[in-house]
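Any read-out appearing in this document is the output of simple, stated calculations on the displayed coordinates, not a laboratory observation. Owing to the predicted nature of the structure, the values given are computational and were not obtained by experimental measurement. Backbone-built Cβ (ideal geometry, glycine too); neighbour counts: all protein chains shown.
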Amino acid sequence: MIELRTPVEIEQMRPAGRFVAEVLTRLREAADVGVNLLELDALAHRMIRERGAESCYIDYHPSFGARPFGYVLCTSVNDAVLHGLPHDYVLQDGDLLSVDFAASVDGWVSDSALSVVVGTPRDGDLELIAVAEQALEAGIGAAVPGNRIGDISAAIAAVAHGAGLSINTEFGGHGVGRTMHGDPHVANDGRPGRGYPLKPGLVIAIEPWFLAATDELRMDPDGWTLRSADGSRGAHAEHTVAITADGPLVLTARD
Ligand code: MF3
Ligand code: CO
């Protein structure tokens, strides 16, 4: 079921968006050569406790995970791109790290992700991140009343295809509200003018992610981490966006 939020509710959703943005900004600063993924998770966990927020991940057990998630972050390194289960791993020079974080504040959720290179970038990694970010910007630009979900999907896909990337439509964006995952699904490829009409009050996570040389994923034995089938590297960019009469409002915008 698709739920629309009133302007007052959208105002109430801002603190969650700001908090998620703050945590990701802090994680981007903290992510460095020599830092353990578990330290990043612990840092975010501390921020959650200090803020009186709630993690959306800890006990989350959807059909696409083998067991309750158990951490507050997804940390996906190099050829891992989505749902990376934090584990005892020390970041190395040149690692491409994607961090995905969702939390609820005052009963409202925000969900956002970024990719970053620690240390010296390898060929192509910064470009791949830039494509994910540009695709996110294009998707946000299409998130206006009068458009449809397919216009967001098509805008994302145009950027990816322009960069010669193929797209996996199994995992994508989603409605966000009192819980992390709601309707509608916002695929990273689709047909313009199709799908649910965008109306003021619709709040969605838009989240393009791409792999450098394939659209096929494999799951790790941990039952969560999704990596490319061919070892090529991945990048992810995500914001929670409210569609308003005045245009898209990016709730998780970082300064
Ligand atoms: N936040 C992710 C998304 O962007 C979902 C993570 S699910 C988890 O939709 F269980 F891994 F936490
Ligand atoms: Co999401």
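Could you work out which residue, out of SER232, SER98, SER153, moves most in a Gaussian network model of the chain, that is, has the largest mean-square fluctuation with Cα springs under 10 Å? In the Gaussian network model the winner is SER232. Computed from point charges on the beta carbon alone (+1 for Lys and Arg, -1 for Asp and Glu), the dipole magnitude for the chain about its Cα centre is near 640 Debye. Loop-located GluC sites (Glu not before Pro) in the stretch 1-96 (DSSP state other than H, G, I, E, B) with a sparse environment of at most 16 neighbouring Cβ atoms within 10 Å: GLU3. Whole Å is fine, so just give me how far the alpha carbon centre of the stretch 18-42 lies from that of the stretch 84-112. After rounding, the separation between the Cα centres reads 8 Å. Counted by neighbouring Cβ atoms within 10 Å, the residues ILE129, ILE156, ILE58 run from fewest to most as ILE58, ILE129, ILE156. A dipole drawn for the stretch 7-250 from +1 and -1 charges on Cβ atoms has a positive end, and of LEU202, GLY231, GLY150 the residue lying farthest that way is LEU202. For SER228, the shell of other residues with beta-carbons less than 14 Å away shows a net charge of -4, using +1 for Lys and Arg and -1 for Asp and Glu.
Taking the Kirkwood radius as Rh and the Cα radius of gyration as Rg, the stretch 7-250 has a ratio of Rg/Rh equal to 0.95.
Across the stretch 93-103, computed HN-Hα scalar couplings (Karplus, 6.51 cos²θ - 1.76 cosθ + 1.60, θ = phi - 60°) run 4, x, 5, 9, 10, 10, 10, 10, 9, 9, 8 Hz from first to last residue, x flagging Gly and Pro.
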